[in-house]
Amino acid sequence: MTKRKPGYYKNYERAGINTNRFLARVARRVVRRLGPPFKACHRGRKLKLSPGQAGVVVVVQAAQNKTFRSAEDVAEQLYKRVDHVTIWRYFHRVSSGWIKQAVSLLYNMIHIRLKRAETFMLDSTCFVCVRSNALLKLHVFVCYFVDLGLLALAGAEATLFYCHDAPVGEGLVEAVEGDGEPLLADRGYDSDRLRRKCRRQGFAPNIRFRRQSAPTTQEATQGFGFDPEGYRMRGVVEGLFGGSEVRYGNETRCKLTSHRLKDVLLKALSFNIRAYLRAQASLLTSARQRISCLLK
């Protein structure tokens, strides 16, 4: 079992990652940066909540794993009470592209505050629809800040279960600039194209080969070898998937396929919101410690 960093649990409690008010505060910050997730229609009835407020309610509802009916209380706590059908319509209008941009924005906000990441990892996990047992896959590009023991998502993508990992991984890597950090991935990402893209983006790929034999001479000269010692760090990504299983059961209740994919992406966004809150609490604790040392 990995030993926790000093002050881990104190920062965890101080971050308030399960409080609607704190989750909504970060969601509002994202809406201010990116703009509302959809445009208000000028025809028909006037919206009870503005598009920005509706986006905040949808994000908090997904982060707390609430049904649309129980999300009525979330809307009432944050703004005003709206019907669960109205919340479903807000969810329907939020685009998947906006959610992916929000994941990337939160990663950049965390990275600016914590400066340098130590390790990047590519991995995927399975989600299941409780209505039809349809399988989905969440692909994540994970960044690990060793000093704080903090995981953040540099990118996320939701696909159907039969989609291959390597092509999706190429798209996730393409959106992030590295600075020589190792990038760890399992056999599902064994692709020369992915390795070359990692090199172009500034990462040092350490991807396990599908075959058991050693890499060819050409692969070794291009730096495509495999380092078993460095690969051991990849196990920390299971903490993300374990937390997702405990909090959400890796399940979605949506009926439409587009809604299922969107719901899975919202769960990835909620992970980054909680990571941002934890990073903020850690920086606040370290600042207080520095001030107390100066006053002594």
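The values are calculated or read from the model by the stated rules, or taken from the named source; none is laboratory data. What you see is a predicted model, and the numbers here were worked out from it, not measured in a lab. Cβ: placed from backbone, ideal geometry, glycine included. Neighbour counts: every protein chain shown.
Can you find a residue in the stretch 108-117 that is of a type outside the set (A, V, I, L, M, F, W, C) and buried (at least 20 other Cβ atoms within 10 Å of the Cβ)?
The initial filter retains those residues of the stretch 108-117 that are of a type outside the set (A, V, I, L, M, F, W, C), namely 108, 111, 113, 115-116.
Filter once more, so that each one left must be buried (at least 20 other Cβ atoms within 10 Å of the Cβ): none.
No: zero hits.
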Among the candidates Arg187, Arg193, Arg208, residue that is exposed (fewer than 13 other Cβ atoms within 10 Å of the Cβ) and either in contact with a Lys or Arg (Cβ under 6 Å, 6 or more places away or on another chain) or small (Gly, Ala, Ser) (or both)
Arg187
Of everything in the stretch 151-170 that's in a helix (DSSP H, G or I) and in contact with a Gly (Cβ under 8 Å, 6 or more places away or on another chain), which residue is surrounded by the most Cβ atoms within 10 Å (Cβ to Cβ)?
Asp165
If you go through the stretch 175-182 one residue at a time, do you hit one that is assigned by TED's automatic domain parsing to the domain that holds Pro228 and free of Cβ contacts under 8 Å to residues at least 24 places away in the same chain?
no
Taking Ala281 as the residue in question, decide whether it is buried (at least 18 other Cβ atoms within 10 Å of the Cβ), among the small types (Gly, Ala, Ser) and at pLDDT below 85.
yes
Qualifying residues in the stretch 9-37 (those that are assigned to a loop (DSSP other than H, G, I, E, B) and at pLDDT 90 or above) - the one surrounded by the fewest Cβ atoms within 10 Å (Cβ to Cβ):
Gly35
Does any residue of the stretch 78-95 turn out to be in contact with a strand residue (DSSP E or B) (Cβ under 8 Å, 6 or more places away or on another chain) and surrounded by fewer than 21 Cβ atoms within 10 Å (Cβ to Cβ)?
no
Quick one: in the stretch 231-246, which of the residues that are aliphatic (A, V, I, L, M) and under 23 Å from Pro182 (Cα atoms) is farthest from the chain's Cα centre (by Cα)?
Met233
Can you tell me how many residues in the stretch 107-121 are within 14 Å of Arg33 (Cα to Cα) and among the hydroxyl-bearing types (Ser, Thr, Tyr)?
1
Scan the stretch 110-132 residue by residue and report those that are at negative phi and in a loop (DSSP other than H, G, I, E, B).
Arg116, Ala117, Glu118, Val130, Arg131, Ser132
Residues (polar (S, T, N, Q) and touching a residue at least 24 places away in the same chain (Cβ under 8 Å)) located in the stretch 30-75
Gln53, Gln61, Gln64, Asn65, Thr67
Given the criteria in contact with a strand residue (DSSP E or B) (Cβ under 8 Å, 6 or more places away or on another chain), assigned by TED's automatic domain parsing to the domain that holds Arg232 and of a type outside the set (Phe, Trp, Tyr), does Lys137 qualify?
yes
Only one residue in Gln61, Gln53 is polar (S, T, N, Q), buried (at least 18 other Cβ atoms within 10 Å of the Cβ), in contact with a helix residue (DSSP H, G or I) (Cβ under 6 Å, 6 or more places away or on another chain) and part of a helix (DSSP H, G or I), so which one is that?
Gln61
Positions within the stretch 249-273 being assigned to a helix (DSSP H, G or I), under 24 Å from Phe22 (Cα atoms) and touching a strand residue (DSSP E or B) at 6+ places or on another chain (Cβ under 8 Å), in sequence order
Lys262, Asp263, Val264, Leu265, Lys267, Ala268, Leu269, Phe271, Asn272
Would you confirm, using the coordinates I've provided, whether Ala102 is over 19 Å from Val237 (Cβ atoms), surrounded by 14 or more Cβ atoms within 10 Å (Cβ to Cβ), in contact with a Lys or Arg (Cβ under 9 Å, 6 or more places away or on another chain) and modelled with pLDDT under 90?
no
Which condition from (1) touching a helix residue (DSSP H, G or I) at 6+ places or on another chain (Cβ under 7 Å); (2) crowded, with 18+ Cβ neighbours inside 10 Å; (3) farther than 18 Å from Lys262 by Cα is the one that Ala40 breaks?
(2)
